[in-house]
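S.K.: To start, I am sharing the structure in question, which I have written as structure tokens.
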Amino acid sequence: MSLKVASFFLCTLIAPNLTDEDALLPAPQNISIISTNMKHFLTWSPVTIRGETVRYSVEFQGEYEREYANESWIPICECSLITATVCNITEDISATVPYNLRVRADIGTQRSEWGTLKVFFNRITTYLTPPLMKIIADGYHLLVELEDLGPAFQFHVLYWRKGQESRIQQKMVKEISSTLHLDTMEAGTEYCVKAQTYVEAINRSSNFSEMQCVRAQGDRSTWLVTALISSASFAVVALTLPFLAWKTSKILKLEHCDLMVHVMPSEDVLRLWIQETL
């Protein structure tokens, strides 16, 4: 049994068994949906009865229920007999089709008529906001941090050297993993970045975020001096290594010769001197 089917039977058991004669409460009014970045919430105005706690139940009807299941309604278990006037319907709006929703008020054995959403809701109408982002100049590396909006979201990132807007570069980011490296910057030069979200399930993009710019650390003269010092250091090392290798080989040869020297007794030295004299 699927989770949805199990929830349906559970909500059916929880819901009170009432008759039409008990419908004494006013139906919830001003039913609407707030949908931002693929998060959907059904809201309504409270039914106020002095001295009583009013509870609400929510049901939805998708395209399948209307066309193939005798226009049946499915209870949202998380929003059955709740006291709040808002219901998170994100998990139930799982397809890009028109949905209808309705709300009922309950007090003990009394219940209202259903208050129904006036216009069908399709998640394709969700409001997509530009992503929050932060750009960083780490030395000569251009980095960006993007807001994680969930697995349904991708990001289209544009970046360029300021003053060269005709040479904009772009990257499509499918997964957020901390900090994203965009480019290697030239010292003292300013770079700019902007981004938009994209949701493949509804084939829609948000507007672009506000442009943010950052300047690479240091200036051109500092970068040139650093490059020259690095080149000079490399040249010194390249010239010194052969000399050190030659000097080391000479030292090793001398040490080898020292090992070949034998110390002669004084008697032998005197005998050799006499022989050479005669």
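S.K.: Say R0 is 35 Å: what FRET efficiency, to the nearest 0.05, do Ser205 and Thr48 get from their beta-carbon distance?
M.R.: Calculated value: 0.25.
S.K.: Working only with C-alpha atoms, what are the Rg and Dmax values of region 59-130, expressed in angstrom?
M.R.: 13.5, 47
S.K.: Still on this structure: Would you please give the FRET efficiency between Glu165 and Asp138, computed as 1/(1 + (r/R0)^6) with r the Cβ-Cβ distance and R0 = 30 Å, to the nearest 0.05?
M.R.: Efficiency for this residue pair is about 0.80.
S.K.: Then there is this: Amide H of Asn122: which non-local residues (sequence gap of 5 or more, or other chain) have their own amide H closer than 5 Å, using H built in the peptide plane?
M.R.: Here Tyr99 satisfy the definition.
S.K.: Ratio of region 133-218's C-alpha Rg to 2.2 N^0.38 Å, to two decimals?
M.R.: Dividing the Cα radius of gyration by 2.2 N^0.38 Å gives 1.10.
S.K.: Starting from the eigenvalues of the Cα gyration tensor, five times each then square-rooted, give me the equivalent ellipsoid semi-axes of region 11-154, largest first, whole Å. Intermediate values should be presented prior to the final figure.
M.R.: Numbers: eigenvalues 296, 67, 28 Å².
Working through the eigenvalues yields semi-axes of 38, 18, 12 Å.
Taken together, the values in this text are just the output of simple stated rules run on the coordinates, not laboratory data. As the structure is a prediction and not an experimental result, all values here were calculated from the model. All Cβ positions, even for glycine, are placed from backbone atoms using ideal geometry, and neighbour counts span all protein chains on display.
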